[in-house]
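Reviewing the structure listed below.
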Amino acid sequence: MKNPNDIIGINKSSTKTAKAVNSAMTSPIIQENLVSKVNELTLNSSFSPRLSIQNPVIEKEKSKPLNYKNYKSVIERIIAFQDISSVEDFYHKIYSIILENVDSNFFAIGLYKEQSNCINLMLQDKLENVYSTKFFMRDTSNPVIQVFNSHKPMFVCKQDYLKLFYYKNCSTAIFPLMSANKCIGVFIIEEPNAQQNATIYALIAKYIALVTDNLQLMEKSKEFVNTDNLTLLYNHRGFQEILSNEIKRSETNKQELSIIMMDINNITKINREQGHAKGDEVIKLVAEKIRQNIRENDVAGRYGGDELAIILPNTSCDRAKYLAEYLTYSLSCCFIDGIGPIKVSVGVATYPDCSDDKEKLLILAEQAMYISKAKGYKDGMSAIISSKDFNFWDNVALQSYAEVVAKRHSQLGVNFEDELISKFHNEDNMTESRIWEIATSLAGAIDAKDTYTKGHSTSVSKYSEALARAINLPEKEINRIMLGALLHDVGKIGIPENVLKKEGPLSDEEWAIMKQHPVIGVDKVLQPNVSLRDLIPIVKYHHERIDGRGYPEGLYGNEIPLAAKIVAIADTYHALTSDRPYRNGMSIEQAISILEEGAGTQWDADLVRSFIQIAPSLGI
């Protein structure tokens, strides 16, 4: 399979990912060093005859050497930079000043990348177009490589080496970027009078090199803090910081941005059966393959224990899926003893098509990744799923959403849950089977807010069905009770997590909040949806007590609907027999004993007797 890097070529792109760094690059020390080095600069005296410029894109006036006024303006403005936050920010300012003050069609800076052994060049022209390309060090015939290796400037009368075919016969000057007796890159300017202005450009090149070198050192020190020790990728904090910056940049530049989320399959099994050292070996190999195959502007991080994520600036969903396909192919070719080929599940989400909010974008990428895991493999390759590929109400999609909520709810707010309910109410095809499908997924999302009650709603529905059948209710009523039991806690979608997941007793204020969930479920979910309104008595009154001490209305005895009485017993039984953060689940006998004690006061006595008869067959 062809490497995506090989098909990129020279294209418009955003510049490199910004990393927040210290802005002390304009200190007097650097400026003094710069001035002191000016007299030491030596220039190559060789110069090829210039050809006349014939540019079909930009008609250019006859070039003139920079006069003293322009020279002073350029140098003073460059040295006066303040609040430089990153290499990219610094280059953006350099580009604007050079192109405003110099009679030049384009200007470029290229930095040497040791890992790929090439010079990555970013070029900007007067029309504010930005182009990127790379020159590999093995191409010793290229003037860029020659200048880098010789540390001496070169003046070239043709720009074929840049492969900008609409700028023909342009004269360019290439200067090495020297810092601490080391060449870190090149500086290129299109200007017929570059030889006459060589001293000025050499001064600018020296300043660019000094500031760039210092900024890179500071970025590396910050990267160390934000680097995951095992994978050497960004850790979770570093990844989140960069994603925030990249989304802001994409918003400013009106560009797309994609996220690839990858989960290593069976890593838990590998850790359990072969030890964590083997699991770490797999994770490190996946991280290495990602580093080798992502593009220069892409950023990879360890998002979770066995989850790795990639930020792809200026990348559409289709291009992101192509890169993901290439990565999964590369991983499938890697065999590890005792494990075989590495398999991953992959999800993709794209800004702003999927969402313009960072947290939602990450959630959608995770959801797509879980769907990929559910779909498995076809022809030995991972199913690569983007958040645009699935119907939100598809059963697998909703179950995947519930898994994401279970894992990350502390990072979510009520807003995302409100969006889920909004989609629920806007559903057009509300057949009976569709209602059940959506209710099941809603219940799963609610239970997922608390990992200790996962599956609670489904179990309560099953127990309620068993009790309703034990007292010989009609089939239609049994179905209504099952559905109401499934949604009995739907109002917890509006209860704060610190209340819902608190270990130990609730305070009076917290208990008052918790007691609102039956009413919230009715008001937010059931009442707005005509198909669900007959479930209101079940959801609203399943916490009422026979002695009138329940909530929210304080109903007494037969004022409580029969269906709500049934769900109340089933709800209590499952709560008693389930593990909680502060206690283990009770045995069947212990739970039955508590139901017997509360018969006639908290629960309907006849229903308790009927439930006790069937409880042993329900299991725990």
- Message: Residues that are part of a strand (DSSP E or B) and within 41 Å of the chain's Cα centre (by Cα): does region 553-570 have at least one?
- Response: no
- Residues in region 286-298: is at least one β-branched (Val, Ile, Thr) and more than 19 Å from the chain's Cα centre (by Cα)? no
- Item | Breaking point among (1) open to solvent by 20 Å² or more (accessible area, probe 1.4 Å); (2) part of a loop (DSSP other than H, G, I, E, B), for Glu596 | (2)
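From Ser179, Ser171, which residue is touching a Cys at 6+ places or on another chain (Cβ under 6 Å) and of a type in the set (Ser, Thr, Tyr)?
None of the other options fit; the residue is Ser171.
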- From the option list Asn245, Asn226, Asn235, single residue qualifying as open to solvent by less than 60 Å² (accessible area, probe 1.4 Å) and modelled with pLDDT under 80 is Asn226
- Task: Scan region 296-313 for residues that are over 17 Å from Asp228 (Cβ atoms) and open to solvent by less than 40 Å² (accessible area, probe 1.4 Å) and jot them down.
- Result: Asn297, Leu312, Pro313
- Item | Qualifying positions in region 314-352 - more than 29 Å from Ala277 (Cβ to Cβ), among the small types (Gly, Ala, Ser) and either part of a strand (DSSP E or B) or open to solvent by less than 10 Å² (accessible area, probe 1.4 Å) (or both) | Ala320, Ala349
- Select, from Gly279, Gly238, Gly305, the only residue that is assigned to a loop (DSSP other than H, G, I, E, B) and of a type outside the set (S, T, N, Q). Gly305
- Task: Pick out, from region 475-540, the helices (runs of 4 or more DSSP H) lying fully within it that include 2 or more residues that are charged (D, E, K, R) and touching a residue at least 40 places away in the same chain (Cβ under 8 Å).
- Result: 475-486
- Considering Ile260, Ile283, Ile208, Ile200, which residue is surrounded by 21 or more Cβ atoms within 10 Å (Cβ to Cβ), over 26 Å from the mean Cα position of the chain (by Cα) and either aliphatic (A, V, I, L, M) or at pLDDT 85 or above (or both)? Ile208
- Task: Tell me, please, whether a residue that is more than 26 Å from Ile612 (Cα to Cα), basic (Lys, Arg) and open to solvent by 40 Å² or more (accessible area, probe 1.4 Å) can be found in region 573-583.
- Result: no
- Query: Does Val186 meet the test of being β-branched (Val, Ile, Thr), modelled with pLDDT under 80 and over 19 Å from the mean Cα position of the chain (by Cα)?
  - Reply: no
- Message: Among the listed residues Pro552, Pro561, Pro528, identify the single one that is modelled with pLDDT under 90 and open to solvent by 30 Å² or more (accessible area, probe 1.4 Å).
- Response: Pro528
- Residues being modelled with pLDDT of 95 or more and surrounded by fewer than 12 Cβ atoms within 10 Å (Cβ to Cβ): count how many of those fall in region 127-152. 0
- Looking at region 83-116, which of its residues are in contact (Cβ under 8 Å) with a residue 60 or more places away in the chain, part of a helix (DSSP H, G or I) and aromatic (Phe, Trp, Tyr)? Phe90, Tyr91
- Query: Of all the residues that make up region 153-182, how many are open to solvent by 10 Å² or more (accessible area, probe 1.4 Å) and either modelled with pLDDT of 95 or more or in contact with a Gly (Cβ under 9 Å, 6 or more places away or on another chain) (or both)?
  - Reply: 2
- Note on the structure: Filter region 99-126 for residues that are open to solvent by 30 Å² or more (accessible area, probe 1.4 Å) and of a type in the set (Asp, Glu); the one that is farthest from Leu217 (Cα to Cα) is Asp103
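The values are calculated or read from the model by the stated rules, or taken from the named source; none is laboratory data. Predicted model only: the values in this text are computed from it and were never measured. Using ideal geometry, Cβ is built from the backbone for each residue, glycine included, and neighbour counts are taken over all protein chains shown. Ligands, DNA and RNA are excluded from the accessible area calculation, which covers all protein heavy atoms including side chains. Shrake-Rupley method; radii C 1.70, N 1.55, O 1.52, S 1.80 Å.
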